[in-house]
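What follows is one structure encoded as structure tokens, with my remarks underneath.
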Amino acid sequence: MTEGDSFGHIVLDHQRAWATHGFTGTASDLVAQQSLVHAWIARWGAHPDQPILLGVGDATNQNTGWLTARDLDRQSKQVALRLIAFGLKAADRIAMSCLPCVDLIVLHIAAMRAGLTVVPINTAFTDKEVKNILAEAHAKLFVSDRVDSAEFDGVPSTDLRLELLPQETPQAHQQIEHRNTLLRTDYPAMLLFTSGTTGRPKGAVLSHGNLLASAQALVTAWSWTPTDRLVLSLPLFHMHGLGVGVHGTLLAGASAVVLPSFSVEGVFDAIAQHDATLMFGVPTMWVRILASTRVAELGKLRLCVSGSAPLAATVWNGLAERGGQHIIERYGMTETVMLTSNPYEGNRCPGAVGLPLPGVEVRLTQYSTEGTKDGIGEIEVRGPNVFGGYLASGQPNASNGLVDGWFATGDLGRVDHDGYLSIVGRSKDLVISGGYNVYPNDVEEVIRTHMVVFDCAVVGEPSDEWGETVVAFVIAKPGRTIDVDELSAFCRSNLANYQTPKRIVVVDDFPRNALGKVMKADLRLINASREELR
């Protein structure tokens with residue numbers, strides 16, 4: 001399912017991959033409806049009584065009971081009219097930083113209906129970080145749980161009660177019809193700031209076409225139907241919760257039970273009480289679910305999906321054995337929404353992120369050069385899901401590094417004989433020791449198989465002799481103690497000499513972002529600080 005080209009790339013067979021996902025059309029078919037808003041409104045009109053959203057366990061939620069399609073259409077339009085009456089112009093940016101709830105989703109839809117650009121902000125950010133994003137985004141309104149006045153650092157601000165906004169006006173009714181005509185594939189829909197795991201966050205501008213193409217690809221690939229019901233316990237400031245969970249649910253005409261935060265008991269209670277069929281999570285969630293005495297209840301679900309960070313093969317196997325779920329792993333980025341997925345029908349390979357999703361082309365760069373004889377190269381992608389550029393001086397920057405539509409992800413990958421893609425690390429995380437390439441994920445997967453290791457993260461540290469040497473940070477399983485000498489011997493027996501960590505450091509936890517992804521830049525700083533103190 002791969003081939004080479006004249007430039008030495010490994011090119012994944014996207015046509016065969018799309019067919020495996022059940023898609024027989026072309027990339028342009030994914031954006032035929034121009035925007036998610038148009039698709040949603042059409043579906044709500046056709047099935048007005050369909051239950052769509054239910055908020056659970058959120059005392060601040062103004063919506064009680066199930067919101068039907070008719071309710072969602074009416075409420076989101078009312079809020080859109082109020083945003084327009086407030087004076088927000090087409091393509092103005094509205095920042096949001098709220099805990100997950102139905103009211104936040106209504107606001108998100110309303111902002112898109114009003115032709116605004118949504119700027120989700122991590123609820124864990126400090127006030128200083130929030131102020132930086134508001135300034136860089138040139139936000140015209142800030143809606144947040146944290147504000148207690150009508151202004152936040154000079155930006156008009158309110159909470160989800162929207163008390164700052166006026167009621168709708170006749171002029172707003174006229175304008176919303178015009179705004180609806182603007183919502184085409186190239187119109188800006190969201191401005192998301194990257195996670196910053198490898199440096200300062202950057203603002204990526206995503207269009208209505210980007211969001212529609214990716215959501216439509218997932219609906220097709222995962223056989224998402226109106227009978228599905230998602231347990232949504234992910235944050236709604238990130239593409240996983242918004243671009244997959246919310247957008248996919250609404251496009252499929254399905255329903256979602258929205259939890260204010262993740263808890264193992266809350267998830268299992270929602271599955272049992274609301275006849276759920278879907279659950280999406282990040283690896284941290286799946287680890288905690290696997291440790292639960294209720295893990296067998298996962299068997300009630302039709303589909304479980306993991307993303308945002310690598311899922312350890314030991315966890316995948318444990319969920320299969322004890323939970324009856326062969327988790328689908330997928331791969332996405334802020335700049336591209338979703339890119340690949342293991343197939344719904346067919347082999348789901350633990351540790352792999354699968355095949356290109358409908359509309360997406362994938363290749364690995366410079367396969368034939370000396371540095372990639374091991375079959376590993378940087379992942380590049382192309383398709384209607386790929387963003388148009390990063391923010392620069394308040395405006396999208398056309399010179400975003402795309403070459404003939406291809407975007408270099410910065411991730412390193414390899415492809416197996418079935419055409420399944422696996423991610424072996426970030427290019428910035430690659431460790432070169434004695435002239436050999438060490439891919440952190442390869443080392444981490446081996447160390448995680450040790451009986452007392454709960455998790456592992458590998459980084460490189462400078463070495464006068466080797467250029468870099470491998471350092472492994474490890475966390476012990478609860479109630480267990482790691483013997484560093486014994487673990488070192490285990491590594492020497494199971495890894496090549498150049499892959500074997502020269503140092504093993506036992507820690508209680510890793511620095512992580514809100515979705516559980518290890519912040520290796522911070523880990524390197526911790527490592528450097530430890531060395532200075534020695």
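Considering only residues in the range 27-39 that are part of a loop (DSSP other than H, G, I, E, B) and open to solvent by 70 Å² or more (accessible area, probe 1.4 Å), the one that is farthest from Leu99 (Cα to Cα) turns out to be Ala32.
Evaluation of Ala42 against the conditions (1) open to solvent by less than 70 Å² (accessible area, probe 1.4 Å); (2) free of Cβ contacts under 8 Å to residues at least 12 places away in the same chain; (3) under 25 Å from the mean Cα position of the chain (by Cα) shows that the sole unmet condition is (3). For the range 231-239, the condition holds for at least one residue, the condition being that it is in a strand (DSSP E or B), open to solvent by less than 50 Å² (accessible area, probe 1.4 Å) and not β-branched (Val, Ile, Thr). One residue stands out among those in the range 108-144 that are touching a residue at least 60 places away in the same chain (Cβ under 8 Å) and assigned to a loop (DSSP other than H, G, I, E, B): the one that is nearest to Arg74 (Cα to Cα), which is Ala114.
What's the total number of residues in the range 302-321 that are without any contact (Cβ under 8 Å) to a residue 60 or more places away in the chain and farther than 23 Å from Pro511 by Cβ? Of the residues in that region, 7 qualify.
Hand me the list of helices (runs of 4 or more DSSP H) wholly inside the range 262-372 holding 3 or more residues that are open to solvent by 50 Å² or more (accessible area, probe 1.4 Å) and in contact with a Ser or Thr (Cβ under 8 Å, 6 or more places away or on another chain). Talk me through it step by step, then tell me what you get.
On the way: elements: 264-274, 283-290, 313-323.
In the range 262-372, there are no helices (runs of 4 or more DSSP H) which contain 3 or more residues that are open to solvent by 50 Å² or more (accessible area, probe 1.4 Å) and in contact with a Ser or Thr (Cβ under 8 Å, 6 or more places away or on another chain).
Of the residues making up the range 374-393, just one is polar (S, T, N, Q) and surrounded by fewer than 23 Cβ atoms within 10 Å (Cβ to Cβ), namely Ser393. Screening the range 406-434 for residues that are in a loop (DSSP other than H, G, I, E, B) and modelled with pLDDT of 85 or more and picking the one that is farthest from the chain's Cα centre (by Cα) gives His417.
Of all residue pairs spaced 6 or more apart or on separate chains, those with beta-carbon atoms under 6 Å, a first member in the range 227-240 that is farther than 24 Å from Trp66 by Cβ and a second member that is surrounded by fewer than 22 Cβ atoms within 10 Å (Cβ to Cβ) are Phe237/Asn122; Met239/Thr334.
Please tell me if Val264 is among the β-branched types (Val, Ile, Thr) and more than 21 Å from Arg43 (Cβ to Cβ). First the steps, then the outcome.
Numbers: among the β-branched types (Val, Ile, Thr): yes; more than 21 Å from Arg43 (Cβ to Cβ): yes.
When the stated conditions are applied, Val264 passes them.
Specify the residue that is surrounded by the most Cβ atoms within 10 Å (Cβ to Cβ); the eligible residues are those in the range 80-100 that are on the phi < 0 side of the Ramachandran plot and of a type outside the set (A, V, I, L, M). Restricting to residues being on the phi < 0 side of the Ramachandran plot and of a type outside the set (A, V, I, L, M), the top hit is Pro100. When the range 202-217 is filtered for residues that are open to solvent by less than 20 Å² (accessible area, probe 1.4 Å), more than 13 Å from the chain's Cα centre (by Cα) and under 16 Å from Ser28 (Cα atoms), the ones remaining, listed by number, are Ser207, His208, Gly209, Asn210, Leu212, Ala213, Ala217. Return yes when Thr185 is within 21 Å of Thr334 (Cβ to Cβ) and modelled with pLDDT under 90 and no when it is not. When the stated conditions are applied, Thr185 does not pass them.
I'd like to check something: does the range 240-250 contain any residue that is open to solvent by less than 30 Å² (accessible area, probe 1.4 Å), farther than 24 Å from Pro358 by Cα and touching a strand residue (DSSP E or B) at 6+ places or on another chain (Cβ under 9 Å)? Checked the range 240-250: no residue is open to solvent by less than 30 Å² (accessible area, probe 1.4 Å), farther than 24 Å from Pro358 by Cα and touching a strand residue (DSSP E or B) at 6+ places or on another chain (Cβ under 9 Å).
Quick grid of which residues meet (1) modelled with pLDDT of 90 or more; (2) on the phi > 0 side of the Ramachandran plot; (3) surrounded by 17 or more Cβ atoms within 10 Å (Cβ to Cβ):
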| position | (1), (2), (3) |
| --- | --- |
| Pro440 | no, no, yes |
| Gly460 | no, no, yes |
| Trp466 | no, no, yes |
| Ala472 | yes, no, yes |
| Ala489 | yes, no, no |
| Asp508 | yes, no, no |
| Arg534 | no, no, no |
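For the range 478-512: of the residues being charged (D, E, K, R) and part of a loop (DSSP other than H, G, I, E, B), which is nearest to Val458 (Cα to Cα)? Ranking the qualifying residues of the range 478-512, first place goes to Lys502. Of the residues examined, Ala114 is not one that is out of contact with any strand residue (DSSP E or B) (no Cβ under 9 Å at 6 or more places or on another chain) and buried (at least 18 other Cβ atoms within 10 Å of the Cβ). For the range 63-79, enumerate the residues that are out of contact with any Pro (no Cβ under 7 Å at 6 or more places or on another chain), surrounded by fewer than 20 Cβ atoms within 10 Å (Cβ to Cβ) and β-branched (Val, Ile, Thr). Answer for the range 63-79, where residues must be out of contact with any Pro (no Cβ under 7 Å at 6 or more places or on another chain), surrounded by fewer than 20 Cβ atoms within 10 Å (Cβ to Cβ) and β-branched (Val, Ile, Thr): just Thr64.
Scanning the range 142-181 for residues that are surrounded by 15 or more Cβ atoms within 10 Å (Cβ to Cβ) and more than 30 Å from Asp58 (Cβ to Cβ) returns Gln175, Asn180. Of the residues making up the range 223-255, those that are touching a helix residue (DSSP H, G or I) at 6+ places or on another chain (Cβ under 8 Å) and of a type outside the set (A, V, I, L, M) number 12.
More than 18 Å from the chain's Cα centre (by Cα) and at pLDDT below 95: does that describe Lys131? Against the criterion (more than 18 Å from the chain's Cα centre (by Cα) and at pLDDT below 95), Lys131 qualifies.
Across the range 385-405, the number of residues qualifying as modelled with pLDDT under 60, assigned to a loop (DSSP other than H, G, I, E, B) and at negative phi comes to 4.
The values are calculated or read from the model by the stated rules, or taken from the named source; none is laboratory data. Note that this is a predicted model, so its numbers are computed, not measured. Glycine gets a Cβ as well: all are built from the backbone with ideal geometry, and neighbour counts include every protein chain shown. Just the protein is used for accessible areas: all its heavy atoms, side chains included, with ligands, DNA and RNA removed. Shrake-Rupley method; radii C 1.70, N 1.55, O 1.52, S 1.80 Å.
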